[in-house]
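The values are calculated or read from the model by the stated rules, or taken from the named source; none is laboratory data. Quick caveat, the model's predicted, so the values are computed rather than measured. Ideal geometry is used to build each Cβ from the backbone, glycine not excepted, and the neighbour counts take in all protein chains shown. Please note that ligands, DNA and RNA were not included when accessible areas were found on the heavy atoms of the full protein model with its side chains. Shrake-Rupley method; radii C 1.70, N 1.55, O 1.52, S 1.80 Å.
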Amino acid sequence: MVRESRNHAAHLSSFRLGEHPERLVELVRRDGRPPAVAVVANAIDGGDDPVRRSDGVRAELAALAGLGLEPHELDLRDYRAEGDELEDDLRAYAALWVRGGNAFTLRYTMRRSGAERVIPRLVTEDALVYAGYSAGPCVLAPSLSGLELCDDPDEVRRIYDVAPIYEGLAVLDRPFVPHLDSPGHPETELVAAVAERYRREQVTFWALRDGQALVIDGGLTDATLV
(Lines give C-alpha, C1' and ligand atoms only; values in the text may rest on other atoms or scores of the structure.)
Protein backbone atom coordinates (compact mmCIF):
# COMPACT_ATOMS: atom_id res chain seq x y z
CA MET A 1 0.00 0.00 0.00
CA VAL A 2 1.36 3.39 -0.94
CA ARG A 3 0.57 6.82 0.40
CA GLU A 4 -0.95 8.40 -2.72
CA SER A 5 -3.57 6.96 -5.02
CA ARG A 6 -1.69 7.45 -8.27
CA ASN A 7 -0.56 4.73 -10.62
CA HIS A 8 2.40 3.36 -8.71
CA ALA A 9 3.98 0.04 -9.61
CA ALA A 10 6.10 -2.11 -7.34
CA HIS A 11 7.11 -5.74 -6.88
CA LEU A 12 8.36 -6.15 -3.32
CA SER A 13 9.52 -9.66 -2.55
CA SER A 14 10.49 -11.33 0.69
CA PHE A 15 13.42 -13.15 -0.90
CA ARG A 16 14.84 -13.11 -4.41
CA LEU A 17 12.27 -13.16 -7.23
CA GLY A 18 9.51 -14.90 -5.27
CA GLU A 19 7.13 -17.53 -6.54
CA HIS A 20 5.49 -15.36 -9.22
CA PRO A 21 8.26 -13.50 -11.08
CA GLU A 22 5.96 -13.18 -14.07
CA ARG A 23 4.19 -10.40 -12.15
CA LEU A 24 7.46 -8.46 -12.09
CA VAL A 25 7.91 -8.95 -15.83
CA GLU A 26 4.36 -7.70 -16.47
CA LEU A 27 5.02 -4.51 -14.52
CA VAL A 28 8.35 -3.84 -16.18
CA ARG A 29 7.15 -4.48 -19.72
CA ARG A 30 3.79 -2.70 -19.51
CA ASP A 31 3.06 0.11 -21.97
CA GLY A 32 5.72 -1.30 -24.28
CA ARG A 33 8.62 -0.12 -22.15
CA PRO A 34 12.08 -1.53 -22.96
CA PRO A 35 12.85 -4.07 -20.21
CA ALA A 36 15.90 -2.24 -18.82
CA VAL A 37 16.41 -2.72 -15.07
CA ALA A 38 18.87 -0.90 -12.81
CA VAL A 39 20.23 -3.26 -10.15
CA VAL A 40 21.17 -1.66 -6.82
CA ALA A 41 23.28 -3.85 -4.53
CA ASN A 42 24.41 -1.30 -1.95
CA ALA A 43 22.82 -3.24 0.88
CA ILE A 44 25.84 -5.58 0.66
CA ASP A 45 28.52 -2.87 0.64
CA GLY A 46 29.56 -3.74 4.19
CA GLY A 47 31.18 -7.08 3.47
CA ASP A 48 34.92 -7.56 3.81
CA ASP A 49 35.21 -9.59 0.61
CA PRO A 50 34.78 -7.58 -2.62
CA VAL A 51 34.64 -10.81 -4.61
CA ARG A 52 31.61 -11.89 -2.63
CA ARG A 53 29.90 -8.58 -3.43
CA SER A 54 30.66 -8.90 -7.14
CA ASP A 55 29.38 -12.48 -7.08
CA GLY A 56 26.20 -11.23 -5.43
CA VAL A 57 25.70 -8.65 -8.16
CA ARG A 58 26.28 -11.23 -10.89
CA ALA A 59 23.69 -13.50 -9.33
CA GLU A 60 21.08 -10.73 -9.45
CA LEU A 61 21.93 -9.87 -13.04
CA ALA A 62 21.68 -13.51 -14.09
CA ALA A 63 18.33 -14.03 -12.36
CA LEU A 64 16.77 -10.98 -14.00
CA ALA A 65 18.26 -11.78 -17.40
CA GLY A 66 16.72 -15.22 -17.08
CA LEU A 67 13.31 -13.51 -17.09
CA GLY A 68 14.08 -11.81 -20.39
CA LEU A 69 14.89 -8.46 -18.77
CA GLU A 70 17.98 -6.31 -19.40
CA PRO A 71 19.67 -5.70 -16.03
CA HIS A 72 22.64 -3.42 -15.39
CA GLU A 73 24.25 -2.56 -12.07
CA LEU A 74 23.73 0.97 -10.82
CA ASP A 75 26.05 1.64 -7.86
CA LEU A 76 24.74 4.45 -5.65
CA ARG A 77 28.26 5.09 -4.40
CA ASP A 78 28.98 6.68 -7.79
CA TYR A 79 26.54 9.53 -7.13
CA ARG A 80 26.23 12.51 -4.79
CA ALA A 81 23.04 14.14 -3.55
CA GLU A 82 24.02 17.55 -4.90
CA GLY A 83 23.89 16.49 -8.55
CA ASP A 84 21.20 15.49 -11.04
CA GLU A 85 23.09 12.60 -12.59
CA LEU A 86 21.23 9.92 -10.66
CA GLU A 87 17.80 11.07 -11.81
CA ASP A 88 19.03 11.39 -15.38
CA ASP A 89 20.42 7.85 -15.30
CA LEU A 90 17.37 6.31 -13.61
CA ARG A 91 15.02 7.76 -16.20
CA ALA A 92 16.71 5.52 -18.75
CA TYR A 93 15.35 2.44 -16.94
CA ALA A 94 11.88 0.93 -16.67
CA ALA A 95 12.55 -0.52 -13.23
CA LEU A 96 14.82 -0.52 -10.23
CA TRP A 97 15.77 -3.83 -8.59
CA VAL A 98 17.08 -3.29 -5.04
CA ARG A 99 18.49 -6.43 -3.49
CA GLY A 100 18.62 -7.42 0.17
CA GLY A 101 21.37 -7.06 2.75
CA ASN A 102 21.71 -4.44 5.47
CA ALA A 103 18.79 -2.00 5.34
CA PHE A 104 20.70 0.71 7.24
CA THR A 105 23.64 0.63 4.83
CA LEU A 106 21.27 0.81 1.88
CA ARG A 107 19.34 3.66 3.49
CA TYR A 108 22.47 5.74 4.04
CA THR A 109 23.68 5.28 0.47
CA MET A 110 20.25 6.46 -0.65
CA ARG A 111 20.76 9.69 1.25
CA ARG A 112 24.38 10.17 0.18
CA SER A 113 23.48 9.66 -3.48
CA GLY A 114 20.24 11.63 -3.50
CA ALA A 115 18.19 8.51 -4.20
CA GLU A 116 15.96 9.29 -1.20
CA ARG A 117 14.75 12.34 -3.10
CA VAL A 118 14.73 10.95 -6.64
CA ILE A 119 13.21 7.49 -6.20
CA PRO A 120 9.93 8.48 -4.48
CA ARG A 121 9.34 11.14 -7.15
CA LEU A 122 9.93 8.73 -10.04
CA VAL A 123 7.70 6.10 -8.44
CA THR A 124 4.94 8.65 -7.88
CA GLU A 125 5.23 9.79 -11.49
CA ASP A 126 4.97 6.14 -12.58
CA ALA A 127 8.29 6.67 -14.36
CA LEU A 128 9.93 3.77 -12.55
CA VAL A 129 8.82 0.40 -11.19
CA TYR A 130 10.37 -0.19 -7.77
CA ALA A 131 11.25 -3.84 -7.24
CA GLY A 132 13.52 -5.89 -5.03
CA TYR A 133 13.57 -7.98 -1.92
CA SER A 134 14.26 -7.90 1.81
CA ALA A 135 16.18 -4.70 2.64
CA GLY A 136 15.14 -3.22 -0.73
CA PRO A 137 11.46 -2.94 0.24
CA CYS A 138 12.24 -2.35 3.94
CA VAL A 139 13.66 1.12 3.28
CA LEU A 140 10.34 2.18 1.69
CA ALA A 141 8.62 2.19 5.09
CA PRO A 142 8.03 5.40 7.08
CA SER A 143 10.65 4.25 9.59
CA LEU A 144 13.37 1.62 9.93
CA SER A 145 12.85 1.44 13.69
CA GLY A 146 12.69 -2.20 14.73
CA LEU A 147 15.02 -3.43 11.99
CA GLU A 148 17.98 -3.03 14.34
CA LEU A 149 16.82 -6.37 15.77
CA CYS A 150 17.93 -8.07 12.55
CA ASP A 151 20.30 -5.65 10.76
CA ASP A 152 23.32 -3.99 12.39
CA PRO A 153 22.94 -0.17 12.27
CA ASP A 154 26.60 0.26 13.24
CA GLU A 155 27.67 -1.07 9.86
CA VAL A 156 27.01 2.47 8.62
CA ARG A 157 29.42 3.88 11.21
CA ARG A 158 32.09 1.38 10.23
CA ILE A 159 31.83 2.19 6.53
CA TYR A 160 31.07 5.92 6.49
CA ASP A 161 31.75 7.12 10.05
CA VAL A 162 28.26 8.61 10.33
CA ALA A 163 25.16 7.80 12.35
CA PRO A 164 22.61 5.39 10.82
CA ILE A 165 19.34 6.81 9.49
CA TYR A 166 16.08 5.47 10.88
CA GLU A 167 13.77 7.57 8.73
CA GLY A 168 12.44 5.58 5.78
CA LEU A 169 11.43 6.81 2.33
CA ALA A 170 7.72 6.64 3.27
CA VAL A 171 6.69 5.22 -0.10
CA LEU A 172 4.89 2.51 1.86
CA ASP A 173 2.52 3.45 4.68
CA ARG A 174 3.77 0.72 7.02
CA PRO A 175 6.86 -1.43 7.73
CA PHE A 176 7.76 -4.35 5.48
CA VAL A 177 8.81 -7.52 7.33
CA PRO A 178 10.26 -10.29 5.10
CA HIS A 179 11.33 -13.89 5.83
CA LEU A 180 8.59 -14.60 8.38
CA ASP A 181 7.79 -18.29 8.93
CA SER A 182 10.59 -19.19 6.51
CA PRO A 183 12.63 -21.97 8.16
CA GLY A 184 15.14 -22.09 5.33
CA HIS A 185 16.17 -18.47 5.82
CA PRO A 186 18.85 -17.67 8.45
CA GLU A 187 17.09 -14.49 9.59
CA THR A 188 13.60 -15.88 10.12
CA GLU A 189 13.93 -15.92 13.92
CA LEU A 190 15.36 -12.39 13.98
CA VAL A 191 12.55 -10.93 11.90
CA ALA A 192 10.04 -12.79 14.05
CA ALA A 193 11.29 -10.60 16.90
CA VAL A 194 10.76 -7.52 14.72
CA ALA A 195 7.19 -8.60 13.97
CA GLU A 196 6.52 -9.29 17.64
CA ARG A 197 7.72 -5.81 18.56
CA TYR A 198 5.41 -4.24 15.99
CA ARG A 199 2.48 -6.27 17.29
CA ARG A 200 3.28 -5.25 20.86
CA GLU A 201 3.43 -1.60 19.82
CA GLN A 202 0.28 -2.00 17.69
CA VAL A 203 2.13 -1.09 14.49
CA THR A 204 0.48 -2.44 11.34
CA PHE A 205 3.00 -4.05 8.97
CA TRP A 206 3.29 -6.13 5.83
CA ALA A 207 4.17 -9.70 6.82
CA LEU A 208 5.75 -11.88 4.11
CA ARG A 209 7.15 -15.36 4.06
CA ASP A 210 9.84 -16.26 1.53
CA GLY A 211 8.20 -16.89 -1.82
CA GLN A 212 5.67 -14.10 -1.38
CA ALA A 213 5.75 -10.65 -2.94
CA LEU A 214 3.71 -7.50 -2.42
CA VAL A 215 2.57 -6.34 -5.85
CA ILE A 216 1.31 -2.78 -6.34
CA ASP A 217 -0.20 -1.73 -9.65
CA GLY A 218 -2.38 1.25 -9.02
CA GLY A 219 -3.42 3.10 -5.87
CA LEU A 220 -4.12 2.41 -2.23
CA THR A 221 -6.54 -0.45 -2.85
CA ASP A 222 -4.35 -2.22 -5.39
CA ALA A 223 -1.70 -3.83 -3.19
CA THR A 224 -1.86 -7.61 -3.09
CA LEU A 225 0.29 -10.41 -1.72
CA VAL A 226 1.13 -13.14 -4.24
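Put simply, the C-alpha atoms of region 1-155 give a gyration tensor, and the ellipsoid matching it has half-axes of 22, 18, 16 Å, longest first. Among the helices of the chain, those built from whole DSSP H runs whose Cα atoms reach 20 Å or more along their own axis and whose mean Kyte-Doolittle hydropathy is at least -0.5 are 50-65. Of all DSSP beta bridges in the chain, what percent run antiparallel (nearest 5)? Percent antiparallel among DSSP bridges in the chain is about 40. Note on surface exposure: 48, 55 rank 48, 55 by accessible area, highest first, 1.4 Å probe.
Rounded to the nearest 500, the 222 nm mean residue ellipticity of the chain from helices alone is -9500 deg cm²/dmol, with -39,500 (n - 2.57) taken per DSSP H run of at least 4 residues. Taking the Cα centre of region 114-226 as origin and assigning +1 to Lys and Arg Cβ atoms and -1 to Asp and Glu Cβ atoms, the resulting dipole is close to 160 debye.
What a 1.4 Å probe finds exposed on region 165-226 is 49% carbon and sulfur by accessible area, rounded to a whole percent. The stretch between residue 88 and residue 161, if pulled fully straight at 0.36 nm per residue, gains 23.4 nm over its current Cα-Cα span. Residue ranges 27-33, 101-107, 127-133, 116-122 sort as 101-107, 127-133, 116-122, 27-33 when ordered by packing (mean number of other C-beta atoms within 10 Å per residue, highest first). Per residue, the accessible area of the chain comes to 44 Å² when a 1.4 Å probe rolls over the protein heavy atoms. The charge dipole of the chain, taken about its Cα centre with unit charges on the Cβ atoms of Lys, Arg (+1), Asp and Glu (-1) only, comes to about 320 debye. A cut-off of 5 Å between modelled amide H atoms, ignoring neighbours fewer than 5 places along the same chain, links residue 101 with 135, 136.
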